Amino acid sequence: MSVFNSTSFDSHELVAFKNDPRSGLRAIVAIHNTALGPALGGCRMFPYASPELAVEDVLRLSRGMSYKSALAGLPLGGGKAVIIGDPATMKSRSLLLAMGEFIEGLNGQYITAEDSGTSVADLKIIGERTAYVSGIMDGSQFGGDPSPYTAQGVFYGIKAAMAFRHNEDSLQGVRVAVQGAGSVGRYLSKLLIAAGAEVFIADLNAANLSLAQTMGAIPVPVADVLGLDVDVLAPCAMGAVIDEQTVGLINAGIVAGAANNQLAMPIQGEQLRQRGILYAPDFVINAGGIIDVYYQRAEGSSNSSAAHVERIGDTLQEIFARAEKTGVATAQIAEQLAEEIFLPPVKTAAA
Ligand code: NAD
């Protein structure tokens, strides 16, 4: 299969493959676009069923990072790395060091960070061989974990959506259903409850659910959370949660959560619009983490992250307003807005 023929190929600038038989490393780095700066994106480790699926994933994810960073107002491009293998059984120190050498060889065009299947501890090992690692800062309030900043951004996004839809600045008494009581879901619940919201939460993991409960969130069955009669639905578990079947179940007027790729297909963005549901595009509202990872690297601290994360609310307001004016789905408007930022203008013939 040629990368150029892949359905996920979108004029990526560079795709690099690494095979290191000694450590067992098989990895791919994709750099989508560096118009705004070096490509930053996480390093995912996953037991892909085939190399083709790994290529599709890295192409799709790196493209997504270009859009996310552009709309977050960061001087960064979009990139991503994938390691092919089961993190539970194949991850070793030698494999991570080889990954560091691979990234170092790209001379700073790509900066890596944590993603599913890799931890801050793994990134520190990768960092023994490359300077191009971010999000591993020690001594910060949250020890390098971007989740609190992601949750903070989602919180601002919910506020922006409530202000846009209901002209309401306060979250007092607002009912929010959170799907997923993981790192982001729990931080978000804490912020919402402190702001006076009533939070309903569901998780497959009983331990995480009970941690959320101790914060004051009300547990609900996993099967019921999407259809709850609430003001806001905040998907904070996994992707593709809004599909052909579930889009009609949603009773909330606003969908605003952290999960990546919440829409199974782009058409679901239009279906939400037609149902009068205001959707905060995932790659805009969940950018708090990448903003913090950027500041950890650029300034060696998270001090500037909080003010920057707050701007997520302004960006969403702009997207909501444009979508309303044009009658186009918010997710599509967000993509257009990002492309206006990172794609060079098309040259027209001189008049
Ligand atoms: P996490 O793994 O800590 O938590 C996810 C939680 O969702 C887990 O408790 C899991 O049991 C639960 N879950 C899985 N399937 C579920 C289901 N069907 N119903 C209910 N609960 C279910 O992950 P996280 O770091 O909290 O991230 C949450 C989401 O936000 C993910 O989609 C992630 O990709 C996205 N995201 C996270 C960050 C970040 O900074 N952590 C940044 C951007 C996007």
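Where a number appears in this text, it was derived from the coordinates with a stated rule and is not lab data. Owing to the predicted nature of the structure, the values given are computational and were not obtained by experimental measurement. Please note: Cβ atoms are built from the backbone with ideal geometry, for glycine as well, and neighbour counts cover all protein chains shown.
Volume per residue of the convex hull around the Cα atoms, evaluated for the range 1-155, comes out as 119 Å³. Each residue of the range 21-31 was assigned a 3J(HN,Hα) from its phi angle through the Karplus expression (A = 6.51, B = -1.76, C = 1.60, θ = phi - 60°), giving x, 4, 9, x, 6, 10, 9, 9, 10, 10, 10 Hz with x at Gly and Pro. Label the range 67-113 by shape, choosing from rounded, prolate and oblate, from the square roots a ≥ b ≥ c of the eigenvalues of the Cα gyration tensor; if a/c is under 1.5 it is rounded, and otherwise prolate applies when a/b is larger than b/c, oblate when it is not. It comes out oblate by the Cα gyration axes.
For the range 164-215, a crude dipole built from +1 on the beta carbon of Lys and Arg and -1 on the beta carbon of Asp and Glu, taken about the Cα centre, is about 80 debye to the nearest 20. The stretch between F4 and E101 holds 32.3 nm of extra length on full extension. This uses 0.36 nm per residue minus the Cα-Cα distance. Estimated purely from DSSP H runs of n ≥ 4, each contributing -39500 (n - 2.57), the mean residue ellipticity at 222 nm for the chain is -12500 deg cm²/dmol once divided by its residues. Residues whose amide H lies under 5 Å from that of L278, counting only those 5 or more places away or on a different chain, are I254, V255; hydrogens are built 1.01 Å from N in the peptide plane. Taken about its Cα centre, the chain carries a charge dipole of roughly 340 debye when the Cβ of each Lys and Arg holds +1 and the Cβ of each Asp and Glu holds -1.
For trypsin sites (Lys or Arg not before Pro), the sites in the range 273-309 that DSSP calls loop and that have at most 13 other Cβ atoms within 10 Å are R275.
Rounded, prolate or oblate for the range 214-280? Axes are the square roots of the Cα gyration tensor eigenvalues, ordered a ≥ b ≥ c, and the cut-off for rounded is a/c under 1.5.
It comes out prolate by the Cα gyration axes.
Summarising the amide proton neighbourhood of Q109: residues at separation of 5 or more, or on other chains, whose placed amide H is nearer than 5 Å comprise an empty set. Between the range 120-199 and the range 56-97, what's the alpha-carbon centroid distance in Å? For the range 120-199 versus the range 56-97, the Cα centre distance is 20 Å.
Projecting the Cα atoms of I28, Q172, G73 onto the dipole axis of the chain, where Lys and Arg carry +1 and Asp and Glu carry -1 at the beta carbon, places I28 farthest toward the positive end. If you look at the Cα atoms of the range 29-101, you get an Rg and a Dmax of 13.2, 38 Å. The modelled label-to-label distance between D314 and A195, using points 7 Å beyond Cα along the C-beta direction, is 1.8 nm. The value of relative contact order for the range 50-173, using C-alpha pairs under 8 Å at least six residues apart, is 15 percent. Computed 3J(HN,Hα) for the range 250-264, one whole-Hz value per residue from the Karplus formula 6.51 cos²θ - 1.76 cosθ + 1.60 where θ = phi - 60°, is 5, 9, 6, x, 9, 10, 8, x, 8, 4, 6, 6, 5, 8, 4, glycine and proline marked x. What shape does the range 114-210 have by the C-alpha gyration tensor, where a ≥ b ≥ c are the square roots of the eigenvalues, rounded means a/c under 1.5, and otherwise prolate means a/b greater than b/c and oblate the rest? Prolate is the answer for the range 114-210, as a/c is 1.5 or above and a/b outweighs b/c. The separation of the range 294-317 from the range 1-29, counted between C-alpha centres, amounts to 31 Å. Report P(r) for the chain: all Cα-Cα distances, bin width 20 Å, range 0 to the bin holding the largest distance, values in whole percent. That works out to 31, 59, 11, 0, in percent per bin. Taking the DSSP beta bridges with both ends in the chain, the antiparallel portion is around 30 percent. In a simple Cβ point-charge model (Lys, Arg +1; Asp, Glu -1; nothing else charged), the range 234-319 has a dipole of about 60 debye relative to its Cα centre.
Among V328, V176, V82, the residue with the largest mean-square fluctuation in a Gaussian network model of the chain, with springs joining Cα atoms closer than 10 Å, is V328.
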